[in-house]
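Undergrad: Questions regarding the structure given below will be posed in turn.
The values are calculated or read from the model by the stated rules, or taken from the named source; none is laboratory data. Small disclaimer: the values here were computed from a predicted structure and weren't measured. For the accessible areas, the whole protein counts, side chains as well, though only heavy atoms, and no ligand, DNA or RNA atoms are used. Shrake-Rupley method; radii C 1.70, N 1.55, O 1.52, S 1.80 Å.
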Amino acid sequence: MTRKQRRLTLIGMAGGVLAVAAGLVLYALSDRIVFFNSPSDIHASAPAPGQRIRLGGLVEEGSLVKGADGSVKFAVTDGAETVAVAYRGILPDLFREGQGVVTEGVLEPDGAFAADTVLAKHDENYMPREVADALKKQGVWREGEGSPATATP
């Protein structure tokens, strides 16, 4: 075997090992590669206690309660289901009721979501595609407005 053939064989074997490693990683993460879960997803199949997840949806109107100690409670909805969220910290400037939000944290045994991070939408036209699709499917989305309809379907 010439020097060039040995080098090509070594490169081919290294590429094969990397491809197998990447395949194993993607297979292991296949059920966890999700940008966020909607409240309907959580009610349909609750995650294991203590498992970190992202919860996304709309902040339910009239659900925001701010405590004196910096704690905040609100509800995230997708129109069909609602999940109560507890958060301690400073909320993003763009956070408000009726707007899109993604929270990170764990689901408590009582069904409440303990968030340690709250991400608000970045401009008036943005809404995560999954949330917009869920709202369109339920008939509470007005095309071209970037927000859910206020009238009942």
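Undergrad: Within the stretch 37-76, can you find the residues that are open to solvent by 40 Å² or more (accessible area, probe 1.4 Å), part of a strand (DSSP E or B), within 15 Å of F95 (Cα to Cα) and not hydrophobic (A, V, I, L, M, F, W, C)?
TA: Of everything in the stretch 37-76, those that are open to solvent by 40 Å² or more (accessible area, probe 1.4 Å), part of a strand (DSSP E or B), within 15 Å of F95 (Cα to Cα) and not hydrophobic (A, V, I, L, M, F, W, C) turn out to be K66, K73.
Undergrad: Also, I was wondering about something else. What are the residues in the stretch 80-120 that are within 14 Å of the chain's Cα centre (by Cα) and among the aromatic types (F, W, Y), if any?
TA: F113
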